[in-house]
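Data first, discussion second: the structure below is written as structure tokens.
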Amino acid sequence: MPLLDLLMGAVSNPNQQASSNQLGTIFNTVQQLSGNHGVDASATQAILSALGGQVKGALQQQSQTNGPDAVSSIVSQLSGMNANPSAIGALFGGNQQQVVQAVSQQSGVNAGTIQAMLPALIPVVMSVLQSGALTQGAPGAQAVPGGNPAGGNPLLNAFLDSDRDGDTDLGDIMSMAGRFMQ
């Protein structure tokens, strides 16, 4: 699984933002969120898988419209462990209800639950993607306005690369990361 390999590589690379503590926090946040909404592990994996496709499409659109630096900036700005209701609008614009319906249909989880979980899931997903970014001062990192490093994020690039085998399943990544953390 290329994305999981990149995530695990970022954890072991001091020049990238990922750490085992960060990965543990992300995993625990997803588990807590799932428990709060009565969603079991397999349904959570299905939600993340479906949401990954929606996030990928939104970020690819942003890249086409505003360039790759804008995508890096969006990922950085929206990452975190706290619920952020404005993150949904910032990422999906006026397509929020279509995203909720698509994730609901693909995951089998009702739309109301998806709607309630999205403000917390979007920042967590962005944190996963941000974890591959180079740290400030790392070789090849360049500061861009807002203090976000540019110069590459292999994890984000692989996630967005539509020429690959389509292996962008965030649900699988979180499941494997959870096993790694135990």
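Under the condition of being more than 15 Å from the chain's Cα centre (by Cα) and outside any helix (DSSP H, G or I), which residue from the range 1-36 is surrounded by the fewest Cβ atoms within 10 Å (Cβ to Cβ)?
The qualifying residue surrounded by the fewest Cβ atoms within 10 Å (Cβ to Cβ) is Pro14.
If we scan the range 71-92, do we find a residue that is touching a Ser or Thr at 6+ places or on another chain (Cβ under 7 Å) and not in a loop (DSSP other than H, G, I, E, B)? Explain how you work it out, then say what you get.
As a first pass, look at the range 71-92 and keep what is touching a Ser or Thr at 6+ places or on another chain (Cβ under 7 Å): 71, 79-81.
So of that shortlist, the ones also not in a loop (DSSP other than H, G, I, E, B) come out as 71.
Yes, the range 71-92 has at least one match.
Test each condition in (1) crowded, with 18+ Cβ neighbours inside 10 Å; (2) without any contact (Cβ under 8 Å) to a residue 60 or more places away in the chain for Thr65 and report the one that comes out false.
(1)
Looking at Val100, Val109, can you tell me which residue is in a helix (DSSP H, G or I) and either closer than 24 Å to Gly132 by Cα or in contact with a helix residue (DSSP H, G or I) (Cβ under 8 Å, 6 or more places away or on another chain) (or both)? Before you say what the answer is, go through the steps one by one.
Details: Val109 fails: in a helix (DSSP H, G or I).
Result of the check over Val100, Val109: Val100.
Leu59: surrounded by 20 or more Cβ atoms within 10 Å (Cβ to Cβ), over 13 Å from Ser127 (Cα atoms) and of a type in the set (A, V, I, L, M, F, W, C), yes or no? Explain how you work it out, then say what you get.
Numbers: surrounded by 20 or more Cβ atoms within 10 Å (Cβ to Cβ): yes; over 13 Å from Ser127 (Cα atoms): yes; of a type in the set (A, V, I, L, M, F, W, C): yes.
Spelling it out, Leu59 is indeed surrounded by 20 or more Cβ atoms within 10 Å (Cβ to Cβ), over 13 Å from Ser127 (Cα atoms) and of a type in the set (A, V, I, L, M, F, W, C).
For the range 4-49, which positions are in contact with a Pro (Cβ under 8 Å, 6 or more places away or on another chain) and of a type in the set (A, V, I, L, M)?
Within the range 4-49, Leu6, Ala10 meet the criteria.
Here are some conditions: (1) modelled with pLDDT under 90; (2) crowded, with 16+ Cβ neighbours inside 10 Å. Val99 meets all but one. Which one does it not meet?
(1) is the only condition that Val99 fails.
The values are calculated or read from the model by the stated rules, or taken from the named source; none is laboratory data. It should be emphasised that the depicted structure is a prediction, and the values quoted were computed from it without experimental measurement. Don't worry about glycine lacking a Cβ; one is built from the backbone with ideal geometry, like all the others, and counts go over all protein chains shown.
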